[in-house]
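Each remark here refers to the structure printed beneath this line.
The values are calculated or read from the model by the stated rules, or taken from the named source; none is laboratory data. Note that this is a predicted model, so its numbers are computed, not measured. Don't worry about glycine lacking a Cβ; one is built from the backbone with ideal geometry, like all the others, and counts go over all protein chains shown.
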Amino acid sequence: MEWIDELNAKYGANEPLGILEIREVLSCYSTPRIYQLLESAIADGKIMRFENGIYYIPTQTIFGTSRLDSAKVIERKYVTRGTEVYGYYSGLTLLNGLGLTTQVPNVVEVVTNNEASRVREVFVGKQRVRLRKARMFITSENADALAVLDLFNQVDPTKIENADWCGVTEYLKANDLTLRKIMEYSAVYPARAVKNFMNSGVAYAVA
């Protein structure tokens, strides 16, 4: 199946493939024919279905046929696809990623354009995911700033003893976030987000 080889060359094995990616390779076929080809490939073990609408090209390991990592699927569905950004991690997931807690979250929290409800929980594989509707349309231009405002909307630095803000400071610098850029999106958050951000002291790193 040459089209599977093309998919593999373009996206790689064990990577989430939505119908959009598959259509890009099978653009000369009708929708019914694409699904026929998919079902045939699944029957032959060339492609695996992770869940409705998400597929992957498996590999063989010493433990058998590979399984797709749920974290990759969460990122593909709710956070980013290639250069397109439509979400960011929030809650304990964000705090853990920035080194503000060592607690490993049982629930992955994501704010995303791809959710219409204020908050909703779903399972991706066996991983529980808490989805939140974005306060404003998320893009690659604003996602990092919104994530910082989201962080300080949740965290009051005056109530955290000996907090290490180095991870947050590094995040700001790595993503070229200035105080002006963060303030540009502050209107969609409660006033406490900006207050907590300023009280943390990390604002001086990007002022």
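Which strands (runs of 3 or more DSSP E) sit wholly inside region 1-97 and have at least 2 residues that are over 30 Å from ARG135 (Cβ atoms)? Spell out the reasoning first.
On the way: elements: 48-51, 54-56, 87-90.
Those strands (runs of 3 or more DSSP E) span 48-51, 54-56.
The condition of being out of contact with any strand residue (DSSP E or B) (no Cβ under 7 Å at 6 or more places or on another chain) and closer than 26 Å to ASP156 by Cβ does not hold for LEU131.
With respect to the conditions (1) at pLDDT below 90; (2) in contact with a Ser or Thr (Cβ under 8 Å, 6 or more places away or on another chain); (3) surrounded by 17 or more Cβ atoms within 10 Å (Cβ to Cβ), VAL194 lacks only one, and its number is (1). Using the structure shown, decide if ARG81 is under 27 Å from THR139 (Cβ atoms) and assigned by TED's automatic domain parsing to the domain that holds TYR171. Judged against the criteria, ARG81 is a match. In the set THR102, THR83, only one residue is closer than 30 Å to LEU172 by Cα, of a type in the set (S, T, N, Q) and in contact (Cβ under 8 Å) with a residue 24 or more places away in the chain; that residue is THR83. Filtered by the rule that a residue be among the charged types (D, E, K, R) and crowded, with 19+ Cβ neighbours inside 10 Å, region 78-114 gives a lone residue, GLU109.
Any chance region 110-120 includes a residue that's under 18 Å from LEU172 (Cα atoms) and either under 13 Å from the mean Cα position of the chain (by Cα) or without any contact (Cβ under 8 Å) to a residue 60 or more places away in the chain (or both)? No. In summary, PRO157 fulfils each of the numbered conditions (1) surrounded by 15 or more Cβ atoms within 10 Å (Cβ to Cβ); (2) modelled with pLDDT of 95 or more with the single exception of condition (2). As for region 59-69, it holds no residue that is in contact with a strand residue (DSSP E or B) (Cβ under 9 Å, 6 or more places away or on another chain), on the phi > 0 side of the Ramachandran plot and not polar (S, T, N, Q).
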